[in-house]
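Trainee: A single structure is presented below for examination.
The values are calculated or read from the model by the stated rules, or taken from the named source; none is laboratory data. Note that the structure is a prediction, hence the values are computed from the model and not measured. Here the Cβ is made from the backbone with ideal geometry for all residues, glycine too, and neighbour counts use every protein chain on show. For the accessible areas, the whole protein counts, side chains as well, though only heavy atoms, and no ligand, DNA or RNA atoms are used. Shrake-Rupley method; radii C 1.70, N 1.55, O 1.52, S 1.80 Å.
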Amino acid sequence: MALLEKVDKNIEARAWQGEIPIQSRYTCGLAGEKFFREIMENGRFAGTHCAECEYTYVPPTIYCERCFAKLDEWVEVGPEGTVQSFTVLLVAPDGTPLEEPDILALIQLDGADSVLVHRLGKVGLDELAIGMRVKAVFKPKKEREGSILDIVHFVPVNA
Amino acid sequence: MGLRKVAVVGAGMTKFVRRAQETGKELAYEAAKMALDSCELTLDDVDGVALGTAPDAFDGVHMKGEYLSDGAGAWRKPFMRSYVGGGTGVFAPIQGWYHVASGLFDVCLVVCEEKMSSCQPHPQGAFLTIFDHTTERPLGPNLLWIFALEMNRYMQTYGLQKKDIALVSVKNKRNAADHPCALLGDPNITVEDVLKSEVLAWPVQRLDVSPVTDGAVALVLAAENVAKRITDKPVWIKGVGWSLDTAYWTNRDLYYPKYVEYAARMAYEMAGIREPRKEIHIVEPYDPFDYKELHHLEGLLLADKGEAPRLTAEGVTARTGNMPVCPSGGLLGVGNPIAAAGLMKVAEIFWQLRGEAGKRQVPGKPITGLAQAWGDLMQVGTVIILGIGG
Amino acid sequence: MTAKIKEFPGVGLRESDFTERKVLFTEWKPDARYAWDAGVAIGRYLAELKEGRIIGVRCHHCRRTVVPPRIFCEWCFRPMDEWVYLEDHGVVNTFSICYVQWDMERLEEPLIPAVIEIAGASKGVGILHLLGEVDPREVKIGMKVKAVWKPAAERIGAITDIRYFKPIN
Ligand SMILES: [Zn+2]
Ligand SMILES: [Zn+2]
């Protein structure tokens, strides 16, 4: 008799419930510290530029992933940019329908080579188009706390 | 086996700190960039990247390997991440080694990173799941239990006292005082300090344990033809070995790490070492707890069973002794960012063999050194042997 | 290394840099809840614990009797051959006296975790459990201990159906 038994009655199937008790605290890092402070204090976007690769990173990095140079040339980018792609979310992560569609977009800020992920607002679904021009709307200064949510959303430039 | 010779040609590291402001990517970058600069290579010269890092739950980033890849210099390159618990820091260069030895890459960058401070309220939360979820976790364990249980078994088997073991902590924290990246170096610490420190899980006290740490370390590995072109001081990887014991840790006798012995024998055989005690000149065994250094010296066959404490007491393992052990200051002194801590040990052997270890330099021009790491459920041993000449 | 590099990279922060918000950071708590299947072997182990019994398994090839039970022998890599009831007493293989919980908060009363070699299993084969009804200073490796069970009505099929092991005088 070998122990090749199978659980064939559901009543015998047992599961033990538990959790992994972790939470995370992420520093914004050296580049992130400058990026988010610039948004928080001045309502401006800062990127880092690699002269060798002619590439501007937004969000910024302290290094160029292409040539591995240390980046210390900071440039102002945006606040306007171009939608590179978008999606319209109609359901929440738990599957329930959203009252208002949530529009997520990849936005290339003017002067940047990489793109930023953020929300679009004040735009009709029939107006949405890749290539449309948008600009950032920041929270009032005293409500900003150095987070990506200090940007409320991006809205069409002509709105 | 038809393997190519592989050399370590460069190394870099960040400071080991309790809480780094840098993101994990930024830490990885600083170490990787320093390693490349040290041997005047650029990213273009790198054929592939081997990354070692502990569970995603520490940094709180799922698919942490992919997240770290650009900071590790892997943009559009072959990239692989390995993880064998605390053994990772020595396994990652082994993985880099076989990619070069096989002929697949000429230059492989090896990077190990850990940012444990992200994990709140304590990284132990991420460690808890190493205990069996159904048969052990309901008992309310914490990570210290397995170390305390193993340490007690080791002490009982050989009739050791706490003071015999505290000597390791004192030696390593003193050594670390000469390491520019160390978190817990202390030139004046005494055995009394260790014995008087807070009891956490007897026999483990506060100063028997290495600290929670953030940091990164990187090495550059190169095939013989490349290595000889870029440096006149290549440090060759002479042997590697690794072995894993069963996860049923309560079914084994914890007094002796048999799996470390298997890993060591594999590495000695590859390196052609028949008398390790004569042929290994410096050792960086894994020391997350002070007794582990002793345990590992015995598993590495560098001390008879139960005799490592005596070697320590007699000064054999001091930086100026016949067999310097943890001249870096080890995890107890430099710090313990899991995977990065293991790779720090390999970097230390590299610097020592090249005579570049500064104030930590051991006398006597060592030519062969060994680094070892350990982890999982007291289960894995990873060993690498480095040497100059030949 | 030290000669070439004047200052190594790495900015160390204090806890107060976070509490006083001197640096920018974000926080996140994942909802990491699981239902881990007990599986065949541990399912039976739990069912037997509910009945007040400890069960192990035996491999005829290497002649080991092991606990916790598993459906395969990891030495021989073949199915285990039989279930074996073990005694509910054993010998302390190693122990600790633990004063902190996992988040490093001090415990009011220390816990005494131990590996207990269970009588009826092969030599050296134990399980992790707690010791109780004993002065921590009196605990010794090699000490004989027996299980203190919860009353039958309170047992749910869990390792905690044994409250702890206590010394056999
Ligand atoms: Zn570049
Ligand atoms: Zn067997």
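Trainee: Take chain A, connect every pair of alpha-carbon atoms lying under 10 Å apart with a spring to form a Gaussian network, then pick out the residue of A:Thr48, A:Thr82, A:Thr96 with the largest mean-square fluctuation.
Mentor: Maximum fluctuation in the GNM of chain A, among the listed residues, is at A:Thr96.
Trainee: Need one value for B:287-297: mean number of C-beta atoms belonging to other chains within 10 Å of its residues' C-beta atoms.
Mentor: 0
Trainee: Which value, in Å² rounded to 10, gives the accessible area of B:Tyr98 with a 1.4 Å probe and all protein chains present?
Mentor: Probe radius 1.4 Å; accessible area of B:Tyr98 about 80 Å².
Trainee: In whole percent, how big is the carbon plus sulfur part of the accessible area of the range A:6-159, probe 1.4 Å, protein atoms only?
Mentor: Answer for the range A:6-159 is 52 percent, counting heavy atoms of protein chains only.
Trainee: Compute the whole-percent fraction of alpha carbon pairs in the protein assembly as shown spaced more than 33 Å apart.
Mentor: Here the long-distance tail beyond 33 Å is 55 percent of all Cα pairs in the protein assembly as shown.
Trainee: Can you order the peptides B:206-219, B:328-341, C:12-25 by their average number of other Cβ atoms within 10 Å per residue, highest first?
Mentor: So the order, starting with the most tightly packed, is B:328-341, B:206-219, C:12-25.
Trainee: State the answer as a single residue: which of C:Tyr85, C:Ala158, C:Phe72 lies farthest towards the positive end of the charge dipole of chain C, with beta carbon charges of +1 for Lys and Arg and -1 for Asp and Glu, about the Cα centre.
Mentor: Comparing the listed Cα positions along the dipole, C:Phe72 ranks first.
Trainee: Hey, if you put +1 on the Cβ of every Lys and Arg and -1 on every Asp and Glu Cβ in the range B:236-376, which of B:Gly239, B:Thr320, B:Thr250 ends up farthest toward the positive end of that dipole?
Mentor: Positive-end residue among those listed: B:Thr320.
Trainee: State, to one decimal in nm², a quarter of the convex hull surface area for the C-alpha atoms of chain A, i.e. the direction-averaged projected area.
Mentor: Over every viewing direction, the Cα hull of chain A projects on average to 17.0 nm².
Trainee: Just to confirm, what accessible area per residue do you get for the protein assembly as shown at 1.4 Å probe, in whole Å²?
Mentor: 41 Å²
Trainee: Check the cysteines of chain C one by one and keep only those with no other cysteine Cβ under 4.7 Å from their own.
Mentor: By the Cβ distance rule, which asks for a partner under 4.7 Å, the isolated cysteines are C:Cys62, C:Cys98.
Trainee: If you don't mind, another one. With +1 assigned to the C-beta of every Lys and Arg and -1 to the C-beta of every Asp and Glu, and no other charges, what is the dipole magnitude of the range A:29-156 about the Cα centre in debye, to the nearest 20?
Mentor: Approximately 260 debye in magnitude.
Trainee: Springs between alpha-carbon pairs under 10 angstrom, Gaussian network model over chain B: which of B:Gly140, B:Gly71, B:Gly52 fluctuates most?
Mentor: B:Gly140
Trainee: Let me ask another. Per-residue Cβ counts within 10 Å, from other chains only, averaged over B:243-253: what number is that?
Mentor: 5
Trainee: While we're here: Could you give the size of the charge dipole of chain B about its Cα centre, using +1 on the Cβ of each K and R and -1 on the Cβ of each D and E, expressed in debye and rounded to the nearest 20?
Mentor: About 560 debye.
Trainee: Same structure again: Pick from A:Lys139, A:Lys34, A:Lys122 the residue whose mean-square fluctuation is largest in a GNM of chain A, springs joining Cα atoms under 10 Å.
Mentor: In the Gaussian network model the winner is A:Lys122.
Trainee: What does the charge dipole of the range B:62-193 about its Cα centre add up to, to the nearest 20 debye, if the Cβ of each Lys and Arg holds +1 and the Cβ of each Asp and Glu holds -1?
Mentor: 60 debye
Trainee: May I pose another question? Averaged over peptide C:85-96, how many Cβ atoms belonging to another chain are found within 10 Å of each residue's Cβ?
Mentor: Per residue, the number of nearby Cβ atoms from other chains is 4 on average.
Trainee: When we measure straight from the Cα of C:Lys140, which lysines land under 17 angstrom away, once same-chain ones fewer than 8 places off are left out?
Mentor: B:Lys162, C:Lys166
Trainee: Something else about it: Looking at this model, which pairs from B:Lys233/B:Lys365; B:Lys15/B:Lys292; A:Lys139/B:Lys25; B:Lys15/B:Lys365 are more than 18 angstrom apart at the alpha-carbon?
Mentor: B:Lys15/B:Lys292; A:Lys139/B:Lys25; B:Lys15/B:Lys365
Trainee: Return the value, in Å² to the nearest 100, of accessible area buried between chains C and B (probe 1.4 Å, both sides summed).
Mentor: The buried area between C and B, both sides summed, comes to about 4800 Å².
Trainee: Another question about this same structure. Using a probe radius of 1.4 Å on protein heavy atoms only, what is the accessible area buried between chains B and A, both sides summed, to the nearest 100 Å²?
Mentor: Approximately 2500 Å² gets buried when B meets A.
Trainee: Please list, by residue number, every one of the trypsin sites (Lys or Arg not before Pro) in the range B:54-91 that is coil in DSSP and has at most 14 other beta-carbon atoms within 10 Å.
Mentor: B:Arg76
Trainee: Can you send over the solvent-accessible area of B:Ile189, 1.4 Å probe, protein chains only, in Å² to the nearest 10?
Mentor: Ignoring ligands and nucleic acids, B:Ile189 comes out at about 10 Å².
Trainee: A follow-up question, please. Could you tell me what percent of the accessible area of the range C:39-167 is made up of carbon and sulfur, with a 1.4 Å probe and every protein chain present?
Mentor: C and S atoms contribute 52 percent here.
Trainee: Continuing with the same structure: Cβ neighbours within 10 Å, averaged per peptide: list C:117-128, C:155-166 in order, most packed at the top.
Mentor: C:117-128, C:155-166
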